[in-house]
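K.L.:
The structure under discussion is supplied below as structure tokens; questions concerning it will follow.
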Amino acid sequence: DSGVTQTPKHLITATGQRVTLRCSPRSGDLSVYWYQQSLDQGLQFLIQYYNGEERAKGNILERFSAQQFPDLHSELNLSSLELGDSALYFCASSAGLAVDTQYFGPGTRLTVL
Amino acid sequence: GENVEQHPSTLSVQEGDSAVIKCTYSDSASNYFPWYKQELGKGPQLIIDIRSNVGEKKDQRIAVTLNKTAKHFSLHITETQPEDSAVYFCAASWGGSSYKLIFGSGTRLLVRP
């Protein structure tokens, strides 16, 4: 158990809908990262937050957004969902901004029908 | 651009044999290189990492070597066991004031009993 929690574990929804994925980092960790894992793309970095502020961005679609709250939990919002958004979404956390070990949560499996 | 190449994509070994997975990276500023093991239905789990100020690191049956000049690093698993069967990902850090991990495409390791 990495100490990172994610909810829900599974999510099934329809095209055009909007969903919110939630992540709680390890106790004391200030950085949260979001990754997308699909069969043909591997693990793709989406976005990083540090202590409530966005710090780095990857290939995140404009339909996707994230935020980190004062209690350090983070949410990833996916809107206008398409079939191709079906994937595993992982959250990871690390202690700070420096090059730190990232610990991954168990993931949320999103299926868009 | 940001790129980590990982080989082979699949690897099948007999129990007790050694397994080697190799990665190359493109960013000469990368200075942190973790390896993750992902079992079916679970999030990636850190198994070993190395920073650019060392050339080799060992942890029981697992070792990682780093060649910064050639920009490649390798994972070595000795005395493989069936429970080592999983997908292994290498990654390299990317970024300045903040950073993200760029992942390789993964190696599916099968250890035959």
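K.L.:
About its Cα centre, how strong a charge dipole does the protein assembly as shown have in debye, to the nearest 20, once Lys and Arg get +1 and Asp and Glu get -1 at the Cβ?
P.N.:
The dipole magnitude comes to about 80 debye.
K.L.:
Lys and Arg at +1, Asp and Glu at -1: add these up for the other residues within a Cβ distance under 12 Å of A:LEU21 and post the number. Numbers along the way, then the final one.
P.N.:
Details: positive: A:LYS9, A:ARG18, A:ARG22, A:ARG109; negative: A:GLU75, A:ASP85.
Charge balance in the 12 Å sphere: +2.
K.L.:
So for the stretch B:33-83, averaging the separation of alpha carbon pairs under 8 Å that are six or more residues apart and normalising by length, what relative contact order in percent results? Provide the component values of the computation, followed by the final result.
P.N.:
Details: 72 pairs, mean separation 12.3, N = 51.
In percent, rounded to a whole number, it is 24.
K.L.:
Please find the FRET efficiency linking A:SER27 to A:ALA98, where r is the Cβ-Cβ separation and R0 is fixed at 25 Å, and quote it to the nearest 0.05. Please report the intermediate quantities before stating the final value.
P.N.:
On the way: r = 18 Å, r/R0 = 0.74.
The pair A:SER27/A:ALA98 has a calculated efficiency of 0.85.
K.L.:
In a GNM of chain B with a 10 Å cut-off on Cα contacts, which of B:ASP84, B:ASP49, B:ASP59 has the highest mean-square fluctuation?
P.N.:
B:ASP59
K.L.:
Next question, about the same structure. Considering only the other residues whose Cβ falls under 14 Å of the Cβ of B:VAL64, what net charge follows from Lys and Arg at +1 and Asp and Glu at -1? Write out the running numbers ahead of the final one.
P.N.:
Numbers: positive: B:LYS22, B:LYS37, B:ARG51, B:LYS57, B:LYS58, B:ARG61, B:LYS68; negative: B:ASP49, B:GLU56, B:ASP59.
So the surrounding residues net to +4.
K.L.:
Sequence gap at least 6, Cα distance under 8 Å: using those rules, report the relative contact order of chain A to the nearest whole percent. Walk me through the intermediate numbers first.
P.N.:
On the way: 293 pairs, mean separation 42.1, N = 113.
Rounded, it is 37 percent for chain A.
K.L.:
Which whole-number percentage describes the relative contact order of the stretch B:14-113, with Cα contacts under 8 Å and a sequence gap of 6 or more? The partial results should precede the final answer.
P.N.:
Working: 217 pairs, mean separation 33.5, N = 100.
Once divided by the residue count of the stretch B:14-113, the mean separation gives 34 percent.
K.L.:
Now, a different point. Mind checking which of B:LEU46, B:LEU66, B:LEU75 has the largest fluctuation in a GNM of chain B, springs on alpha carbons under 10 Å?
P.N.:
Result for chain B, Cα springs under 10 Å: B:LEU46 fluctuates most.
K.L.:
What FRET efficiency would be calculated for the residue pair A:SER38, B:LEU46, taking the C-beta separation as r and a Förster radius of 22 Å, to the nearest 0.05?
P.N.:
According to the calculation, E is roughly 0.50.
K.L.:
Can I ask one more? What net charge do the residues around B:SER18 carry, taking every other residue with its C-beta under 12 Å from that of B:SER18, with Lys and Arg at +1 and Asp and Glu at -1? Walk me through the numbers before you get to the answer.
P.N.:
Working: positive: B:ARG61; negative: B:GLU15, B:ASP17, B:GLU79, B:ASP84.
Surrounding charge for B:SER18 is -3.
K.L.:
Given axes a ≥ b ≥ c from the Cα gyration tensor, I'd like to know whether the stretch B:40-113 is rounded (a/c under 1.5), prolate (a/b larger than b/c) or oblate.
P.N.:
Numbers: a/c = 2.32, a/b = 1.45, b/c = 1.60.
It is oblate, given that a/c is not under 1.5 and a/b is not larger than b/c.
K.L.:
Then there is this: What residue among A:VAL19, A:VAL99, A:VAL32 has the largest mean-square fluctuation in a Gaussian network model of chain A, using Cα springs under 10 Å?
P.N.:
A:VAL99
K.L.:
Given a Förster distance of 35 angstrom, what is the FRET efficiency for B:GLU83 paired with A:SER80, based on the Cβ-Cβ distance and rounded to 0.05?
P.N.:
Values: r = 42 Å, r/R0 = 1.20.
That pair, B:GLU83 with A:SER80, gives E of 0.25.
K.L.:
What is the order of A:ASP85, A:ASP1, fewest Cβ neighbours within 10 Å to most?
P.N.:
A:ASP1, A:ASP85
K.L.:
So if I place +1 on the C-beta of Lys and Arg and -1 on the C-beta of Asp and Glu, and nothing else carries charge, what would the dipole magnitude of chain A be about its Cα centre? I want it in debye, nearest 20. Mind showing how you got there, number by number?
P.N.:
Working: 8 positive and 11 negative charges, 37 e Å.
Charge dipole, chain A, about its Cα centre: 180 debye, nearest 20.
Readers should treat all values here as calculations from the given coordinates under stated rules, not as data from a laboratory. Treat the numbers as computed from the prediction; the structure is a model and nothing was measured. So basically every Cβ, Gly included, is an ideal-geometry build from the backbone, and we count neighbours across all protein chains shown.
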